[in-house]
Amino acid sequence: MLNITLPDGSVRQVESGSTGHALASSISEGLARNALAVRVNGEVRDLHRPFTDDATVEILTWNDTAGKSTYWHSSAHLMAEALEALYPGVKLAIGPAIENGFYYDVDLGEGRSISSEDFPEIEKKMLELAKNKSRYERKDVSKADAITYFTEKQDPYKLELIDGLEDGQITFYTQGGFTDLCRGPHIPDTSTIKAAKLMNVAGAYWRGDEKNKQLTRLYGITFPKAKDLTEYLERLEEAKRRDHRKLGKELKLFAFSEKVGAGLPLWLPKGTALRERLEQFLRKAQVKAGYQPVVTPHIGSKELYVTSGHYEKYGADSFQPIKTPNPGEEFFLKPMNCPHHCEIYKTEPRSYRDLPVRYAEFGTVYRYEQSGELHGLTRVRGFTQDDAHIFCRPDQVKDEFKKVIDLVLYVFKNLGFEDYTAQISLRDPENKTKYIGSDENWALAESAIQEAAAEKGLSTTTELGEAAFYGPKLDFMVRDALGRRWQLGTIQVDYNLPERFDLEYVAPDNTKQRPVMLHRAPFGSLERFVAVLIEHCAGNFPLWLTPEQFIVLPISDKYIDYANEVKAQLEQRELRGTVDARDERIGRKIRDAEMGKIPYLLVVGEKEAQDNIISVRKHGEGDLGSMPLDAFVKSVQSQIVEAY
């Protein structure tokens with residue numbers, strides 16, 4: 001008998017060789033019906049793989065991220081089976097699950113192509129095959145047999161993958177008449193795949209190398225219910241309406257110019273007002289939390305980034321060096337602010353009594369992103385981080401880390417991000433060459449993050465291999481109004497840069513000790529944060545943040561003077577707005593103001609001017625009636641106070 005520990009801590013005894021499906025059935029019929037895979041000691045496996053040892057086990061369903069991933073990976077195999085049936089001789093490369101759905105890279109052969117017009121036929125074939133309820137069967141295969149199989153299929157891509165594997169590492173999965181090289185895991189059978197939609201077709205070089213052949217990449221998504229697909233497609237349409245690039249242009253927030261350069265945003269007056277208000281909001285919170293503002297240059301010498309390790313790690317993603325008339329003198333556009341802050345720390349001797357020292361900067365950094373990866377404000381070449389670095393004693397690390405968590409959550413609360421998890425990003429223990437620093441320091445840093453997150457009661461996940469090259473981190477993963485996942489705030493523990501820069505403080509026993517460095521950015525970058533915020537609130541920003549809180553709409557030229565008087569009085573009460581003095585009908589002015597997502601529309605005409613009142617319309621809600629200015633101001637200011 002084996003002891004199986006469930007997520008709630010309870011222990012069940014099962015016979016050796018029992019499966020995840022049998023375990024699910026013993027818990028409830030509903031769970032067994034909905035089970036897609038099983039997580040055993042942290043590893044996701046097929047539901048019908050047998051247990052051979054005591055283990056911690058979690059049954060995965062569609063409601064689990066890993067369950068969806070398994071479902072979509074299995075759907076990629078189903079699509080590949082459909083392609084083999086419809087395009088005889090097709091060669092298959094790789095077909096992973098992605099955040100929403102899956103893709104498969106395929107070689108259709110000379111003279112053949114797939115377009116969106118072909119999607120319905122492929123979708124129909126997938127659902128036809130799914131109805132066969134074909135079981136996903138796993139089989140261990142020797143390297144020799146694997147080579148023989150794919151040689152007979154004349155599939156060079158699978159043969160190249162097999163070449164990098166050893167005996168004991170190779171498994172095949174078969175469903176129906178289709179067999180693929182795959183590590184798995186997979187769902188039990190195809191019967192749960194009830195709705196399928198191909199989303200896009202694109203080109204992709206084999207193994208991402210432009211020297212290799214370009215393959216056809218087919219993207220798709222599947223669901224266990226047809227209504228789930230309908231709802232997903234509706235969310236996609238809503239996402240198009242909320243696209244920050246579209247709304248940014250309509251609301252006149254930012255622009256891009258080919259002459260300025262790709263990936264270098266231009267902030268327009270309204271966008272600048274929005275951005276500056278975000279900065280003011282965080283600056284105020286940072287001063288209260290004991291941060292000292294600093295400013296550093298946009299460039300630094302090559303030697304600075306060699307010392308920090310950024311030259312080695314970011315060299316390929318940096319702009320070319322700036323050479324001066326002095327031989328051998330080189331500067332780089334800074335890829336990070338932290339090396340500059342280390343040098344500020346070194347400007348004077350430090351005592352243990354001085355720590356922690358907290359430096360904060362809205363510092364613009366530069367990375368040479370490939371042109372194909374640029375995307376609005378979410379992927380740019382020049383961006384401003386709300387960067388801060390805390391230099392503290394080792395005994396202060398956990399408390400400082402928890403204070404930063406509080407600051408991040410304060411930001412999220414005031415900007416309407418209520419659905420988030422915290423991802424503990426650790427280094428990959430199997431590939432330590434990507435990182436700098438000793439095992440001892442990494443262990444200290446990782447345990448500090450894990451303990452702080454637990455003590456703050458955060459809902460966390462752990463990801464290996466996602467740490468920064470100099471230390472582990474806590475990344476805040478936010479879900480927006482459409483359920484999409486974004487990485488925003490981040491906090492990192494770093495024992496390595498203090499060593500590289502020889503940072504010191506004098507301890508109580510007069511010995512020189514090394515401080516620990518915390519990196520933190522609640523927004524992450526202003527560009528990315530604004531992009532996510534635009535899409536999250538569809539351009540309807542919180543009242544305290546929006547560039548224009550009101551617009552005064554005179555119904556004719558006769559009332560422009562009164563409109564300007566209203567504007568002036570509201571501005572004296574620290575409200576922001578404009579007057580629409582265009583020679584347009586009031587209906588057009590109201591429509592344009594609604595399109596501009598201005599929260600309050602103040603209509604003024606003869607009655608309003610005579611009685612010294614305003615007629616108020618609220619964006620998205622309509623007419624609120626007439627009221628004196630004082631009543632309007634009191635209402636608006638109370639909403640702003642409630643916000644933060």
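Only the coordinates and a few stated rules stand behind these numbers; no lab work does. Nothing here was measured: the structure is a model prediction, and the numbers come from that model. Reconstructed Cβ throughout: ideal geometry from the backbone, glycine too, with neighbour counts over all protein chains shown.
So the values come out like this:
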| read-out | value |
| --- | --- |
| Sparse-neighbour loop sites [GluC sites (Glu not before Pro); region 290-378; at most 14 other C-beta within 10 Å; DSSP] | Glu329 |
| Computed helical MRE - 222 nm, the chain, DSSP H runs ≥ 4 contributing -39500 (n - 2.57), nearest 500 | -10500 deg cm²/dmol |
| Within region 111-161: Cβ-based charge dipole about Cα centre, in debye rounded to nearest 20 (Lys, Arg +1; Asp, Glu -1) | 280 |
| Student exercise, region 66-239 dipole from Lys, Arg, Asp, Glu Cβ charges, in Debye to nearest 20 | 400 |
| Diffusion coefficient, µm² s⁻¹, Stokes-Einstein with Kirkwood Rh over alpha-carbon pairs of region 371-438 at 10 °C and 1.306 mPa s | 99 |
| For region 561-640 and region 407-452, distance of Cα centres in Å | 47 |
| Volume per residue of the C-alpha convex hull in region 2-61, rounded to whole Å³ | 68 |
| Hits among lysines - C-alpha to C-alpha of Lys432 under 23 Å, sequence gap 8 or more where chains match | Lys313, Lys473 |
| Given charges at Cβ of Lys, Arg, Asp, Glu: region 550-643 dipole, positive-most of Ile598, Val552, Asn564 | Ile598 |
| The chain, dipole about Cα centre (Lys/Arg Cβ +1, Asp/Glu Cβ -1), debye to the nearest 20 | 1120 |
| Volume of the Cα convex hull of region 442-519, divided per residue and given in Å³ | 118 |
| Glu451, Glu110 arranged by Cβ crowding within 10 Å, fewest neighbours leading | Glu110, Glu451 |
| Inter-part distance where region 204-228 and region 65-124 are each reduced to a Cα centre, Å | 7 |
| Proximal aspartates and glutamates to Lys158, defined as alpha-carbon separation beneath 18 angstrom and excluding residues fewer than eight positions away on the same chain | Glu81, Glu84, Asp105, Asp107, Asp140, Asp145, Glu166, Asp167, Asp180, Asp209 |
| For region 36-97, the fraction of alpha-carbon pairs in successive 5 Å shells from zero, as % | 4, 17, 22, 17, 13, 12, 9, 4, 2, 0 |
| Rg in Å to one decimal, and Dmax rounded to a whole Å, for region 550-643 via C-alpha atoms | 12.3, 38 |
| Along each principal axis, Cα extent of region 66-239, largest first, Å | 48, 35, 26 |
| Alpha-carbon Debye profile of the chain, log10 I(q)/I(0) at 0.12 Å⁻¹ | -1.36 |
| Selection from Tyr366, Pro394, Tyr314, by position along the positive dipole direction of region 274-416 (Cβ) | Pro394 |
| Order of Thr171, Thr546, Thr151 - criterion: other Cβ atoms within 10 Å of each residue's Cβ, fewest first | Thr151, Thr171, Thr546 |
| Antiparallel %, DSSP beta bridges [both residues in region 503-619], to 5 | 45 |
| Contour excess over end-to-end distance, with Cα ends at Thr171 and Thr56 and 0.36 nm allotted per residue | 39.0 nm |
| Cβ-Cβ FRET estimate between Ser113 and Gln572, R0 fixed at 60 Å, reported to 0.05 | 0.35 |
| Partners for Lys240 among aspartates and glutamates (Cα-Cα distance below 17 Å; same-chain residues under 8 apart left out) | Glu231, Glu250, Asp480, Glu535 |
| Segment Ala22-Thr511, extension gain: residue separation times 0.36 nm, minus the distance between their alpha carbons | 169.8 nm |
| Dipole of region 113-180, positive direction: furthest Cα of Leu159, Ser134, Tyr149, with charges on the beta-carbon | Ser134 |
| Centroid-to-centroid separation of region 464-480 and region 542-560 [C-alpha atoms, Å] | 42 |
